[in-house]
Amino acid sequence: MVRIHSLGSTSALAAGSLLVAAIASAAASTGARTQDSGGSAPSPLAFPSDEELTQGLESVYRPFVETHCASCHSGSSPEAGLDLASPRSAAALADRDVLMAHAVDRVRLGQMPPDSQPRPSAEEVDAFAGYVALALRSAYDPARAGDPGRNVLRRLSNTEYANTVFDVLGVRFDAEEFFPADNVGHGFDNVADAQTLSDLQLERYLDAAATVAESAIAWELPGDPPVRTFVATELEGGHLRARSNRQPTDLRILDSNGECGLTIELPRAGRYLLRARVAANQAGSELARMELRRDSQILGSFDVVTKSILDPEEHEAEFTVPEAGRWWVAAAFTNDFFEPSVDGGRPLDRNLVVHGLEVVGPLDPPGPTELQTALADRFSAERSEKKRLESSVEWLATRLWRRPPTGSDVAKLMKLAPRRAEYDQTLQIALTAILASPRFLLRVEEDPGRSEGIRRLDGYELATRLSYFLWSSAPDEELLALAADDRLQDDDVLANQVDRMLEDPRSGNLARNFASQWLQTRQLAKHSVDLELHPDATPDLLRAMERETLLVFEAVLREKRSIRDLLDSDFTFVNDVLAKHYGIRGIEGSYMRRVPLSGTSRRGILMHASILTVTSQPNRTSPVKRGRWILETLLASPLPPPPPGADSFGDDDPATFDAKTMRERFALHRERAVCASCHDRLDPLGFGLERFDAVGGKRTTVGGQRVDASGVMPDGRSFDGEVELVALVRDADKDGDWYSGPSLVRGVVENLLVYALGRGLDPADRPTVGAVLSRLDPAHPTLDDAIRAIVSSAAFRERRTDTASR
Amino acid sequence: MTNRTNLARTSRMLGRPLERRTLLRGLGATLALPLLDAMQPSLLRPGAAPSVPSRLVYVYVPNGVNQDAWWPSREGRNYKPSRTLAALGDLKDKTLVLRGLTHDKARANGDGPGDHARAASTWLTGVQILKGGATVRAAQSADQIVAAEVGGETRFRSLEIGCERGQSNGECDSGYACAYNFHVSWKGDAQPLPQENDPRMLFERIFGDAQSAASASVAAERRERRKSVLDYVGDEIRKLRRDLGAGDRHKIDQFADALREFERKLEFSEGDALVLPDGTQKPTGIPGVFSDHVRLLFEVLALALRADQTRVATFMYAREVSSRTFPEIGVPDAHHALSHHGGNAGTLLKLEKIDALHMQLFGEFLARLDSYEEGSDSVLDHSMIVYGSCISDGDKHNHENLPTLVAGGGELAKDRIKLDRYADVGNETPMNELHIALMKRMGIKLDAFGDADRELSI
């Protein structure tokens, strides 16, 4: 199962097969450097000129292919579908990067040409591999950047919807629960191609608009408070005596002390009335006594005087609730009495008999919300009520549509309310319409009247892209003011805004939304763990795991640490349950706090329980999943899909299922040649993490045997245990060649671009990737610099006009 | 009243009582009335409609099934139910087990791995889906063809229900877009339909928010408000469609379609005016235990079918490649991992337990439908319900001999399909022939569907 890679399946293939090369920092980059030696650029690896590329093609590539490959890999039906002879330019090689990288890999490992053919010399192989790497890398040359790429029309993701209504209106709305789940494309839920709009989604949008508007602007039609009546069959507690000929209604009998009631949903905070229709069997010296209760609170205590259980009386008491939600209301019987008969007659038995309950309310009109108060203050100087209303509607539309409405828009919104509507009623209806409008739900970028070509985004469009990228929420007033003055496209202004926005707490949303999807820790909320084997893996622990990784990501972002610190940071965040899980002492309380890791062997996110857990089965580890996660998620180097005939069983492969130990299964993978070409790369990486169990706990033995956490890569490099593995992974792109192999830094950049642009990356976007990478310090690449470089790229600040509408 | 349905009582009869917190008692006076004959569907619909409607429901099981336990040993009328089929309960005379149905288009056919993605999305669409990044392309599924053609007679053209909420990140199948694993219902080539997962929200969608207890004047104000907001949104969409480039139009068109559909629904009487069986309880959320979750969703679906709120539905127990565990029946392992059983006896036994649970829950659903009187027989008798998977053996990822069970009554018996037997329709018989046969019984005549050009003949 290959996660769709941001550069499309083609490049995805390439990178995987180059892992060997890069991890071993083998010939590819060295060769390239030799060829680059004339360049004077200070960037880690300079890009070749067109001339150099053409020359290399003729002097290195073509002779090698003619001599060693073309007899099989050319013509109309080349061996393995791989035609090496036809590419006539470096660009053509780069377009087929998957196959080319695969070919180079085979050659470098000595698998090609086949044994029956003469072997090329080591120098020849180096030169060939070096040239192909150079050609592939040239696709990333920032000098080729400038095209903003494909346009997409994005809809607000559920998270963005919730953040927006909270930030603008102060309303907490659980969009995640209320709307259908967002589809995910290229790993993220804000990718336009994966977002569809179904009937169900629209239905929910319309409902949500009304619900949110009612929470934001308090107004209710004056009138009698609603009354809800509940008969005995709807209540719980006591026992039900169903109606009969002698008893025309259903009754609930409390024949011992206890409650009879129900959980009721109340629409909002406020005062309510609880009314009980009750009767009693009287016995003993006291009258039957009833309390009315809301949860454990006693609202009132009453003597029930009636003598016939069919002749109920009513008692009532008021209660208040602080917020909308579900509340338990009940009538309680508190003085049960029973005496068996002494002479064979009827026993003396006092019971409470409940006919039904009623809840009336809310009794008060709702008070103004904070938003209403704020709007009233803001526009208190307006001359008339009508002007105040207009200004309020205009403000709401501007904030929610991320652009000022026209005068006629406002007039239309005001006219939606019935004639002689009250002030707040008009505002509430206008807000409902603003929230139901496609201008709120979609992030519209329009080009009417513009000429064909590439244009800069206007200030409002840029403000919107910026705020949803960094905050997952709507632009604030400062951004909108700069947009109004058309200053946001100024480089300095833009850079200052990025500073400000990253410092703002809302940028925590970037860590939460981006990192949780990129690193797949979001999966934890749904991950099943075998609680028999791992009784400590409670939802609390899983939540703490996810928080840990996001907090470390956020720290690396905010402290402008090197991206590589993600892999070997010597601090982390824990709370009591996670600390216990890690064996860190002295941590109490459920809040997450920063702790140093000195004295422990845990370092970086690869040893976070979150990642070790999501890459495991419920009841065992999965070295294959872990290896794949490292390659695909972390290093942006997905493997080629299994060849025809093989299938992506992972370590669920039936052939290996019966094998006793992981090692034995691993050996079986290698025996099957069709599997080995990938598992040679995957399995060792996963085995490096075998000292962590299926929920990331430390272990020394598995199945009674000592854990063997060593691994050997196909190129012969070996490591033992997680620490050496992490070093290998971290340093895969150490020399700054992050263009054509497994690279943590390129992986982050590509994923950030997908997230920022809301679309998968095409080959045409590689120069943009290159442009962002070229602005990073190879010795200290930071998320902060990557974000800035993305924001200043053409892909982010410009768009290709779509004028085909008329 | 013998046919009164008390969901609480029924649930207890079915085994463990439901967790209390998953049911909300007290739907308010409107719904507390005793069951009336007003439940007769014809009274709930404006205009003329057939007195007894036909219905079509598909229930999907992911990851294939344990073959040995699933298939009966002998064909014909007097077949002995297999171990898995025995869990269905006493409904043999209203079901038909089919062997031989195949989805060739779920096979690789040159597209390489990705059998799970192809399974879910080919099951009802019958086409070879596109492998390519985040882009999806399948086809309108059988249920949606019916929904589009005849669904307009009910308030909901169709309902899509599932127990597993959409994905939380991009873990998918072998280069296929993630959406494929999660959807069997496709409204169009590129429009998979999301599912309701929460029994409470499903209930409220169909039967209204019965808790609101709004007065008549409040309800009137809301209706008026909704109408003006809808008109406004319609105008906005038209304006935007005019101003947007061609590349973005299809998204606006989806918006416009959905709005029209919403307006169509408003022409029907509101769900909160329906009278539900006495004792009906509104679910309060998603239960923690899988079988409770399924039961509640099936219960709400059964009520919706009975009240003729829809005649078409799909139900997914889980997405393809689901890693659900089933600790409540002693299976703490992930379903997908188990499905690659490699012939291991212990693993196969666990799979059999999962299959039996799925079958038992399905049987409870059928029994419920069969308990609802309709005309002179039951709701089940006027339904066609297909249950199955589009992977046969999870270990082989194969798409022939798909485990398929058809339940229902009179509708099926029309023409040739006879119930109460286990029939081998012949190897490599296109599954799409079954779709053609069932669509025909819903009033849609297709000469061809996917790789089939005739209806299933058995």
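Taken together, the values in this text are just the output of simple stated rules run on the coordinates, not laboratory data. These figures come from a predicted structure and were not determined experimentally. As a convention, Cβ positions derive from the backbone with ideal geometry for all residues, glycine included, and neighbour counts pool all protein chains shown.
The table for this structure:
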{"item": "Residues residue A:373 and residue A:779, FRET efficiency given R0 of 35 Å [Cβ-Cβ distance, rounded to 0.05]", "result": "0.10"}
{"item": "Förster radius 30 Å - calculated FRET efficiency between residue A:109 and residue A:601 (Cβ-Cβ, nearest 0.05)", "result": "0.35"}
{"item": "Förster-model FRET efficiency, 51 Å R0, residue A:343 and residue A:297, C-beta, rounded to 0.05", "result": "0.70"}
{"item": "Cα-based Lys proximity count in chain A, under 19 Å, for pairs eight or more positions apart or on separate chains", "result": "9"}
{"item": "Linear extension gain, residue A:588 paired with residue A:532, 0.36 nm per residue minus alpha-carbon span", "result": "17.6 nm"}
{"item": "Cα-centre dipole for chain A with unit charges at Cβ (Lys and Arg positive, Asp and Glu negative), debye to 20", "result": "200 debye"}
{"item": "Test item: Cα-centred dipole of segment A:172-245, Lys/Arg +1 and Asp/Glu -1 on Cβ, debye", "result": "520 debye"}
{"item": "Dimensionless Rg/Rh of segment A:679-783 - Kirkwood Rh, Rg from C-alpha atoms", "result": "1.08"}
{"item": "Only Lys, Arg (+1) and Asp, Glu (-1) charged, at Cβ; segment A:298-385 dipole about Cα centre in debye", "result": "180 debye"}
{"item": "Sequence-separation-based contact order of segment B:114-167, relative, with Cα cut under 8 Å and 6+ spacing, percent", "result": "21 percent"}
{"item": "Residue A:122 versus residue A:382: modelled label distance in nm, points set 7 Å from Cα along the beta carbon direction", "result": "8.1 nm"}
{"item": "Extension gain from residue A:391 to residue A:406, taking 0.36 nm per residue of separation minus the Cα-Cα distance", "result": "4.2 nm"}
{"item": "Length-normalised contact order for chain A - Cα pairs under 8 Å, 6+ apart - percent", "result": "17 percent"}
{"item": "Exposure proxy ranking, count of Cβ atoms within 10 Å, fewest first, for A:613, A:196", "result": "A:196, A:613"}
{"item": "Average projection area in nm² (convex hull over Cα atoms of the protein assembly as shown, one quarter of hull surface)", "result": "54.7 nm²"}
{"item": "Cβ-based exposure ranking for B:359, B:442, in which fewest neighbours within 10 Å come first", "result": "B:442, B:359"}
{"item": "For residues of A:170-179, the mean tally of beta carbons on other chains within 10 Å", "result": "1"}
{"item": "Order of A:501, A:414 - criterion: other Cβ atoms within 10 Å of each residue's Cβ, fewest first", "result": "A:414, A:501"}
{"item": "Long-range HN-HN contacts of residue B:384 with modeled amide H, under 5 Å", "result": "B:55, B:56, B:57"}
{"item": "Pairs from B:80/B:105; B:187/B:282; B:350/B:396; B:187/B:251; B:105/B:187; B:418/B:445 whose Cα-Cα separation, in the structure shown, is over 23 Å", "result": "B:80/B:105; B:187/B:282"}
{"item": "Two-site label geometry, residue B:268 and residue B:328: point separation in nm, points 7 Å out along Cα→Cβ", "result": "2.9 nm"}
{"item": "Average beta carbon contacts from partner chains per residue of A:225-237, 10 Å cutoff", "result": "5"}
{"item": "Orientation-averaged projected area, Cα convex hull of segment B:71-183 (nm²)", "result": "10.2 nm²"}
{"item": "Virtual paramagnetic centre 7 Å along Cα→Cβ of residue A:285, amide N under 20 Å, in segment A:322-341", "result": "A:334-341"}
{"item": "Residue A:308-residue A:540 pseudo-label distance in nm [points 7 Å out on the Cα-to-Cβ vector]", "result": "5.6 nm"}
{"item": "Relative contact order %, segment B:64-175, counting alpha carbon pairs below 8 Å whose residues are six or more apart", "result": "17 percent"}
